[in-house]
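The numbers here are math on the coordinates, done by the rules we state, and not lab data. No experiment lies behind these values; they were computed from the predicted model shown. Neighbour counts are summed over all protein chains in view; Cβ atoms, including those assigned to glycine, are modelled from backbone coordinates with ideal geometry.
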Amino acid sequence: MVKKSLGITVSRYIMDLQHMFPEAKGDLTGLLNELIVAAKTINAEVNKAGLADILGQSGKKNVQGEEVQNLDELTNNTIKKRMESCGYVCAMVSEEEDNIIPVRKGYSGKYTLAFDPLDGSSNIDVNVSIGTIFSIPRRITSSSEVSSYDIPGTAEDFLQKGSEQVAAGYILYGSSTMMVFSTGHGVNGFTLDPSVGEFYLSHKNIKIPKTCKYLSINEGNHKYWNENMKNYIDHIKDREISSRYIGSLVADFHRNLISGGIFLYPKDKKDPSKKQGKLRLLYEAAPLAFLIQQAGGKAVTDEGEDILEIKPTSIHQRTPLIIGNKDAVSEAIEFLN
Ligand code: AHG
Ligand code: MN
Ligand code: MN
């Protein structure tokens, strides 16, 4: 049951969480706090994106004569800059960069960070909800914390099963800005009070409702699906279910998490380069799978493989994704296989 207005700030919540583990040294706390600052910065940029577009001359320079950056690039740089010398991560992976992003020499921390700086890019220009998704696995290539500060993280640190994540979450820039995350002790949602500049606990211990109220899939791809997928969608639409598809995974996921629903992005025959579906494992599917599991739901591929059990073989690997209410996801898998 979601309770409102509990009034605890996100920083206080994270600190209390750290105190539950006397052996914790505060690195995860520090890392999450850095992310919160990045989130507030990105939120400010996202909120004025429309204005920047209107005022920008030729879309290249803003009114002060500065370069108007593409929002994807801007959010990517905001997170990179905050993280590269914070000392909590050993390397980063971003949707916007082909290769692993190194941190500054001497600042290699004990976690890694994979992120989708701006999810739902096609919705930026039309003022529809977008978000940032993040995944935090522990570094595995170096065990001695102190002496590893100079040793950069490698791909191996990222090619871990989703079940190894220490924390995961997202920031949703919607009708209000929310940060939703889990460190493996339930899922909590914090809403930004823009007048104060603080995220406050607003959705405590989120559990996905039992009833699958919403179906979220891009039905424009119907013609590219296999027969089983077509049959399944026909079958589920015979039920009492409403169709909702925003086209920002993070926003579709959030709605279904709060209200109950199933989201599907199966593999299809539309684009041969996306044979394994469109969404990325490391910074889209895996972090949301971590959250949904914590909230009592489930995430699998269209062949029924648990997303959290997939061992990635490359950092930008794609995966088919079915995520939402446990029963609905199980039924979909029975139907599809
Ligand atoms: P991104 O904007 O980070 O590239 O991700 C877009 C993704 C995801 O947010 C969404 O669920 C999906 O693309 C929508 O794809 P379609 O337009 O093919 O439905
Ligand atoms: Mn995305
Ligand atoms: Mn993106």
Given a Förster radius of 22 Å and the C-beta distance between S243 and K269 as r, what FRET efficiency does 1/(1 + (r/R0)^6) yield to the nearest 0.05? 0.50
Taking a cut-off of 25 Å between Cα atoms, list the lysines near K230, but don't count ones fewer than 8 places away on the same chain. K210, K213, K267, K269, K270, K274, K275, K278, K298, K326
Label-point separation in nm, D327 to E219, each point 7 Å along Cα→Cβ: 2.4
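Between T9 and T211, what is the FRET efficiency for a Förster distance of 41 Å, r being their Cβ-Cβ separation, to the nearest 0.05?
E(calc), rounded to 0.05, equals 0.80.
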Using 7 Å Cα-to-Cβ label points, what is the E305/R138 separation (nm, one decimal)? 2.5
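How high is the FRET efficiency from S122 to D98, r the C-beta distance, R0 22 Å, rounded to 0.05?
Working: r = 21 Å, r/R0 = 0.95.
The value I calculate is 0.55.
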Hey, which aspartates and glutamates would be in cross-link range of K311, C-alpha to C-alpha under 14 Å, not counting anything within fewer than 8 residues on its own chain? E156, D157, E164
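Using the Cα atoms of the chain to build a convex hull, what is its mean projected area in square nanometres?
Numbers: hull surface 71.0 nm².
Mean shadow area of the hull around the Cα atoms is 17.8 nm².
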Can you give the % of DSSP beta bridges in the chain that are antiparallel, to the nearest 5? 85
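Below 13 angstrom from the Cβ of S182, what's the summed charge of the other residues (Lys, Arg +1; Asp, Glu -1)? Don't jump to the answer; show the numbers that get you there.
Details: positive: K204, K207; negative: none.
My count for the surroundings of S182 gives +2.
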Could you sort out which of K25/K110; K81/K161; K40/K81; K110/K161 sit more than 19 Å apart by Cα distance in this structure? K81/K161
Helix axis angle, 10-19 relative to the chain longest principal axis, alpha carbon, degrees: 80
Looking only at region 214-336, where both bridge partners belong to it, what percent of the DSSP beta bridges are antiparallel (to the nearest 5)? 65
So for the pair T41, H19, with labels modelled 7 Å out along Cα→Cβ, what separation do we get in nm? 3.0
Over the chain, the sum of -39500 (n - 2.57) across DSSP H runs of at least four, divided by residue number and rounded to 500 deg cm²/dmol, gives at 222 nm -8500 deg cm²/dmol
Using only Cα atoms, find the angle between the long axis of helix 227-236 and the longest principal axis of the chain, and express it within 0 to 90 degrees, rounded to the nearest 10. 90
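Please compute the contact order of the chain in relative form: average sequence separation of alpha-carbon pairs under 8 Å and at least six residues apart, divided by the residue count, as a percent. Let's see the in-between values first.
Numbers: 711 pairs, mean separation 54.5, N = 337.
Normalised by residue count, the contact order of the chain is 16 percent.
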